[in-house]
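The next block holds one structure in the form of structure tokens; read it before the comments.
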Amino acid sequence: MAPRIAEEKLFVWEQIPRPLYCRINLSVPVLDRFFNDQDTRPDFRLSRESLKVLLDLLGQDRRHGWGVTIETLVFLFWLASGASYRVVSRVFGMPRSTVHRIVHRVTEEVVAIRHQVIHLPRTEEDLEAVSCGFAGLARHRALRKATGAIDGCHVRIVPPSGPDVHDSRVLRHSPLYRRALYPPPGHYILADGGYPCLQHPLPLITPYKRPLQGVGPQRFTSHHSRARCIIERAFGMMKTRFRSIFRQALEVHHTFVPQIITACAVLHNICIGAGDIMAPEEDIVEDVAEDEGENVLEAVSGAPWRDQLSAEVSALEEVPGDHDYV
């Protein structure tokens, strides 16, 4: 008799239609403000234009659960507020376990679209535009071969056991360094003194050590700093938009942290493309002693290349406003 009852119950359950989406509860203040066309930035840190781009990229074809819009709002609220899963569950009126699943699932979905939003220059025209952009920032054509800037950003987490992590150590364990896929030959990436000055395997041009000796290094370092500050500004904008992530300890498992930071970078690029700009909060930038690097056999110093660029800066000292590269 028991098997028969089990079969009958299974048959009944299969016949019960499951709702595709739950009804939107507009008594929830966050949802009421969203669906009544109020400014979304205070709650979610993204404008409506940025939200639309994000939702279009994520797609609207989910056939179960709370619906892609509601789940995306839950994820963004958690990211923007830095609140615990329990607090977010109370805000949206849904179980804590559901909030946990939504945050992890939507984070994975945002990370999955990263190549549509974050990518290296794909054509010669793209590369030329990037080069001209850095020359414009530097206000000198001698830096016209700069095609990127690199920096580190401290994120407070519950740390795993292991050694402290330095910028140069992170660099040497990165695919960018190990595979040497970018930049193209003859181009270089700008970095601060926390990185080694290299020509190979990854061409990195850093400023001269302080105190600066002579007019040439002073001029070069000044132009170098103007161009490199774009990465500091980008981090500043991300910290302003997601200050709860970057200004306080991130209380998630350390293996989940890279996905969260990647998602923040994806959202940052989406916002920039949508004209959704937040002025960066000013951070105190300390002088960093240049890293001499570990004894890596394949590494080739970039100091001679830097000296060549410095000489070119001095030889081609330009009149302000006279730029043929922008």
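The values are calculated or read from the model by the stated rules, or taken from the named source; none is laboratory data. What you are looking at is a predicted structure, and each value in this text was computed from that prediction instead of being measured. As a convention, Cβ positions derive from the backbone with ideal geometry for all residues, glycine included, and neighbour counts pool all protein chains shown.
Starting from region 47-71, take each residue that is in the same structural domain as residue 97 (by TED's automatic domain parsing) and closer than 21 Å to residue 88 by Cα and list its partners that are among the β-branched types (Val, Ile, Thr) and at pLDDT below 85, counting only C-beta distances under 8 angstrom and pairs at least six apart or across chains. Close Cβ pairs satisfying both conditions: 70/24.
Taken together, the residues in region 225-270 that are under 30 Å from residue 135 (Cα atoms) and either out of contact with any Lys or Arg (no Cβ under 7 Å at 6 or more places or on another chain) or not hydrophobic (A, V, I, L, M, F, W, C) (or both) amount to 26. Residue check: residue 241 meets all listed conditions (1) touching a residue at least 40 places away in the same chain (Cβ under 8 Å); (2) more than 15 Å from the chain's Cα centre (by Cα); (3) crowded, with 21+ Cβ neighbours inside 10 Å but one, namely (2). Return the residue satisfying two criteria in turn: it lies in region 201-228 and is part of a loop (DSSP other than H, G, I, E, B) and polar (S, T, N, Q), and of such residues it is surrounded by the fewest Cβ atoms within 10 Å (Cβ to Cβ). For region 201-228, the residue satisfying everything is 213. Among the strands (runs of 3 or more DSSP E) confined to region 109-200, the ones with at least 1 residues that are among the aromatic types (Phe, Trp, Tyr) and more than 19 Å from the chain's Cα centre (by Cα) are located at 188-191. For region 252-271, what are the residues that are assigned to a helix (DSSP H, G or I) and loosely packed, with under 15 Cβ neighbours inside 10 Å? Listed by number, the list holds a single entry, 258. Summed over region 162-213, the residues that are touching a residue at least 24 places away in the same chain (Cβ under 8 Å) and among the small types (Gly, Ala, Ser) give a count of 5.
Looking across region 77-111, the residues that are closer than 15 Å to residue 266 by Cβ, in contact (Cβ under 8 Å) with a residue 60 or more places away in the chain and not β-branched (Val, Ile, Thr) come down to 79, 80, 108. Note on region 122-171: among residues that are touching a Ser or Thr at 6+ places or on another chain (Cβ under 8 Å) and among the basic types (Lys, Arg), the one that is farthest from residue 259 (Cα to Cα) is 144.
Answer yes or no as to whether residue 271 is more than 28 Å from residue 55 (Cβ to Cβ) and either touching a residue at least 40 places away in the same chain (Cβ under 8 Å) or in the same structural domain as residue 50 (by TED's automatic domain parsing) (or both).
Details: more than 28 Å from residue 55 (Cβ to Cβ): no; either touching a residue at least 40 places away in the same chain (Cβ under 8 Å) or in the same structural domain as residue 50 (by TED's automatic domain parsing) (or both): yes.
No: the conditions fail for residue 271.
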